[in-house]
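A.B. asks: I have a structure I would like to understand better, so I am pasting it below and will then ask my questions one at a time.
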Amino acid sequence: MDRQLLAWPDRWLKLKRFCRKNCAVGPLSFARLKAKGRDNRVLAEALSVNAAAHCIIRFEGNGNTVELGDLKIRGILKIVVCGDNNRVVIRDGTEIVSKLQMDIWQGCREASVTIDRDCTFWETAIRNTDHGSSVTIGEGSIFSKQTVISNTDEHAILVDGQVINRAGALRIGAHVWIGQGASLMKNCVVPDGCIVARNAVVTHAFEAPRCVLAGMPARAVKHGVEWDLAPVNSFLDTCRSVRGNGSSED
């Protein structure tokens, strides 16, 4: 048995109780796990003990799966899944600076949230409540403070007795920058390389990559943009250094 489990017997007993009807793989004795239901799984073999200590995971339902890669967690990762056969995946290299809260609730079935490698979250809430709906975030995307991804209206809107506001797939491409206070609403698509401006509200699917999306509702206000993770001054200093080295060689 892991020495850390022996050093923290209360944590080991807590994990053992969780695993009577559910399954946990990884250093999750240091996580805060709760489950009402059975056949739920937390797979986190690559997760460090330090990162696990910042995780809160709660299930209310059956057959749900949470898969966590090698994450960098300085703040809090909270995942709440209420329903059956839902799936959450966060891949290697993703960093949580302050808080990432993910909610699949209201008895949701077969919904999913997938976050690709090397994303960064400062303070983000992700909500998914409609059966079969999905949220997908591409590699290397970053999310500023007070950002919301809400792939649901939560309450039904009907016309002639028919629900007209069901959620499907919400997709965020690779290398996307979501500005502070921005909200992404159900079924929207943000293509690769885009920038979503501060306080923008994205309500529909865009097609062109490398755009700046701004406004309420958001529209493309600039095309053909590129962005770099480096701060402006650092980026300019690097460019000057490269130019200087090039001219000296000439």
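The values are calculated or read from the model by the stated rules, or taken from the named source; none is laboratory data. Treat the numbers as computed from the prediction; the structure is a model and nothing was measured. Ideal geometry is used to build each Cβ from the backbone, glycine not excepted, and the neighbour counts take in all protein chains shown.
A.B. asks: From the list V212, V221, pick out the single residue that is exposed (fewer than 15 other Cβ atoms within 10 Å of the Cβ), aliphatic (A, V, I, L, M) and outside any loop (DSSP other than H, G, I, E, B). Steps first, please.
C.D. replies: Numbers: V212 fails: exposed (fewer than 15 other Cβ atoms within 10 Å of the Cβ).
Sole residue among the options that is exposed (fewer than 15 other Cβ atoms within 10 Å of the Cβ), aliphatic (A, V, I, L, M) and outside any loop (DSSP other than H, G, I, E, B): V221.
A.B. asks: Identify the residue in region 224-237 that is in a loop (DSSP other than H, G, I, E, B) and acidic (D, E) and, among all such residues, is surrounded by the fewest Cβ atoms within 10 Å (Cβ to Cβ).
C.D. replies: Filtering region 224-237 down to residues in a loop (DSSP other than H, G, I, E, B) leaves 224-231.
With acidic (D, E) added as a condition, the list becomes 226, 228.
Details: E226: 8, D228: 11.
Taking the candidates together, the pick is E226.
A.B. asks: Now for a different question. Within region 41-74, can you find the residues that are in contact with a Lys or Arg (Cβ under 6 Å, 6 or more places away or on another chain) and among the charged types (D, E, K, R)?
C.D. replies: Our first condition is that a residue be in contact with a Lys or Arg (Cβ under 6 Å, 6 or more places away or on another chain); within region 41-74, this holds for 56, 58, 60, 62, 65, 69.
Passing the criteria: R58, E60.
A.B. asks: Starting from residues that are within 16 Å of Q101 (Cα to Cα) and in contact with an Asp or Glu (Cβ under 7 Å, 6 or more places away or on another chain), keep the ones in region 129-146 and report whichever is surrounded by the most Cβ atoms within 10 Å (Cβ to Cβ).
C.D. replies: I137
A.B. asks: Working carefully through the options F59, F18, find the one that is touching a strand residue (DSSP E or B) at 6+ places or on another chain (Cβ under 7 Å), without any contact (Cβ under 8 Å) to a residue 24 or more places away in the chain and under 17 Å from C82 (Cα atoms). Please lay out each step first, then the result.
C.D. replies: On the way: F59 fails: without any contact (Cβ under 8 Å) to a residue 24 or more places away in the chain.
Criteria check complete, one pass: F18.
A.B. asks: Also: Being farther than 20 Å from A182 by Cα and in a strand (DSSP E or B): is that true of F59 here? It would help to see each step written out before you state the result.
C.D. replies: On the way: farther than 20 Å from A182 by Cα: yes; in a strand (DSSP E or B): yes.
Taking the combined requirement at face value, the residue satisfies it.
A.B. asks: Here is a follow-up. On the given criteria, is A46 in a loop (DSSP other than H, G, I, E, B) and over 21 Å from K16 (Cβ atoms)?
C.D. replies: Working: in a loop (DSSP other than H, G, I, E, B): yes; over 21 Å from K16 (Cβ atoms): yes.
Answer is yes for this residue.
A.B. asks: Exactly one of (1) buried (at least 22 other Cβ atoms within 10 Å of the Cβ); (2) closer than 30 Å to E154 by Cβ; (3) at pLDDT below 90 is unmet by S29. Its number?
C.D. replies: (2)
A.B. asks: Is it true that V201 is modelled with pLDDT of 95 or more and buried (at least 17 other Cβ atoms within 10 Å of the Cβ)?
C.D. replies: Values: modelled with pLDDT of 95 or more: yes; buried (at least 17 other Cβ atoms within 10 Å of the Cβ): yes.
Against the criterion (modelled with pLDDT of 95 or more and buried (at least 17 other Cβ atoms within 10 Å of the Cβ)), V201 qualifies.
A.B. asks: Would you pick out the residues in region 109-128 that are assigned to a strand (DSSP E or B), crowded, with 24+ Cβ neighbours inside 10 Å and more than 10 Å from the chain's Cα centre (by Cα)?
C.D. replies: Answer for region 109-128, where residues must be assigned to a strand (DSSP E or B), crowded, with 24+ Cβ neighbours inside 10 Å and more than 10 Å from the chain's Cα centre (by Cα): just N128.
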